[in-house]
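Undergrad: Have a look at this one before I ask anything.
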Amino acid sequence: MEKSKYKQIVDKHTPRENRLFNALICFFSGGIMGIIGQGLIDLYSNILDIPTKDASVFMIVTLIFIGCLLTCFGWFDKIVNFCKCGLIVPITGFAHAMMSAALEYRKEGMVTGIGANMLKLAGSVIIFGVVSAWFFGLIRLFLMGA
């Protein structure tokens with residue numbers, strides 16, 4: 001079969017995605033995550049009577065816990081399948097990446113399984129985040145002065 005005919009067949013059977021619809025879903029699901037986060041901050045700062053900065057830490061821990069819990073039950077992937085990157089980008093996506101690796105390798109033991117592989121997916125994010133922060137910190141130091 002010639003390449004052009006094969007390409008036509010592949011193009012005909014390749015599923016099309018509605019990018020506008022997916023973008024709207026991502027926008028609104030990410031917005032809902034932001035509302036939930038702000039709601040948790042308000043809830044913690046009012047109920048626990050703590051400063052907003054401290055309530056933000058509790059909010060992050062809560063979202064990480066919820067992301068890990070949904071991953072353990074197998075629901076996170078189903079929710080993300082609908083919400084797309086609206087849920088993957090925030091801290092819940094990072095928690096899901098770490099928890100998925102931990103669940104996948106738990107049979108190999110605590111050290112060689114979970115400990116060695118938990119950061120397999122998230123390790124690159126941590127490395128590039130730390131290197132970027134160091135690099136931009138140096139730039140700020142030289143531009144702003146010490």
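The values are calculated or read from the model by the stated rules, or taken from the named source; none is laboratory data. Just so we're clear, the structure is a prediction, and the values are computed from it rather than from any experiment. Cβ coordinates were reconstructed from backbone atoms using ideal geometry, including for glycine residues, and neighbour counts include every protein chain displayed. Calculation scope for accessible area: heavy atoms of the full protein, side chains included, ligands and nucleic acids excluded. Shrake-Rupley method; radii C 1.70, N 1.55, O 1.52, S 1.80 Å.
Undergrad: Hey, what D do you get for segment 54-146 in µm²/s if you plug the Kirkwood alpha-carbon radius into Stokes-Einstein at 20 °C and 1.002 mPa s?
TA: On the way: Rh = 15.0 Å.
It comes out at roughly 143 µm²/s.
Undergrad: Let me ask something additional. With a point put 7 Å past each Cα toward its Cβ, work out how far Ile36 is from His13 in nm, to one decimal.
TA: 3.8 nm
Undergrad: Going by alpha carbons, how many degrees (0 to 90, nearest 10) lie between the helix axis of 19-47 and the longest principal axis of the chain?
TA: Between helix and principal axis, roughly 20 degrees.
Undergrad: Give me the one-decimal nm value for the distance between modelled label points at Val131 and Phe58, 7 Å along each residue's Cα-to-Cβ direction.
TA: Result for the modelled spin labels: 3.8 nm.
Undergrad: Toward the positive end of the charge dipole of the chain, about the Cα centre and with charges on Cβ (Lys, Arg +1; Asp, Glu -1), which of Phe21, Ala55, Ala101 goes farthest?
TA: Farthest towards the positive pole: Phe21.
Undergrad: Right, another one. With no solvent and one point on each alpha carbon, what is the Debye value of log10 I(q)/I(0) for segment 1-120 at q = 0.14, 0.16, 0.20, 0.22 Å⁻¹?
TA: For segment 1-120 at q = 0.14, 0.16, 0.20, 0.22 Å⁻¹, log10 I(q)/I(0) is -0.76, -0.87, -1.05, -1.13.
Undergrad: Can you tell me which lysines have their Cα less than 24 Å from the Cα of Lys120? Leave out same-chain residues fewer than eight positions away.
TA: Candidates past the 8-residue exclusion: Lys78, Lys84, Lys107.
Undergrad: Measure nothing fancy, just the Cα-based angle from helix 3-13's long axis to the longest principal axis of the chain, in degrees from 0 to 90, nearest 10.
TA: Taking Cα atoms only, the helix is inclined about 60 degrees.
Undergrad: For Glu2 and Leu121 in one chain, what is 0.36 nm times their gap in residues minus the Cα-Cα distance, to one decimal in nm? Before the final figure, lay out the partial values.
TA: Details: separation 119, 0.36 × 119 = 42.84 nm, distance 3.97 nm.
The span from Glu2 to Leu121 would gain 38.9 nm if fully extended.
Undergrad: While we're on this one: Could you state the number of Å between the C-alpha centres of segment 96-115 and segment 1-23?
TA: First find each Cα centre; the distance between them is then 37 Å.
Undergrad: If you put +1 on each Lys and Arg Cβ and -1 on each Asp and Glu Cβ, how big is the dipole of the chain around its Cα centre, in Debye rounded to 20? Walk me through the intermediate numbers first.
TA: Values: 13 positive and 9 negative charges, 142 e Å.
Once rounded to the nearest 20, the dipole reads 680 debye.
Undergrad: Taking H as built 1.01 Å from N, whose amide H comes closer than 5 Å to the amide H of Lys84, not counting residues under 5 places away?
TA: Residues meeting the amide H criterion: none.
Undergrad: Compute the angle between helix 123-144 and the longest alpha-carbon principal axis of the chain, please, reported from 0 to 90 degrees and rounded to the nearest 10.
TA: Once rounded, the angle reads 60 degrees.
Undergrad: Leaving out ligands and nucleic acids, note down the accessible area per residue over the chain with a 1.4 angstrom probe, in whole Å².
TA: Details: 11040 Å² over 146 residues.
For the chain, the per-residue accessible area is 76 Å².
Undergrad: Calculate the FRET efficiency for Asn22 and Asn46 from the Cβ-Cβ distance with a Förster distance of 35 Å, rounded to the nearest 0.05. Display every interim value, and only then the final one.
TA: Values: r = 36 Å, r/R0 = 1.03.
Between Asn22 and Asn46 the formula returns 0.45.
Undergrad: Quick check: at a probe of 1.4 Å, how many percent of the accessible area of the chain sits on carbon and sulfur atoms?
TA: Working: 7810 of 11040 Å².
Answer for the chain: carbon and sulfur cover 71 percent of the accessible area.
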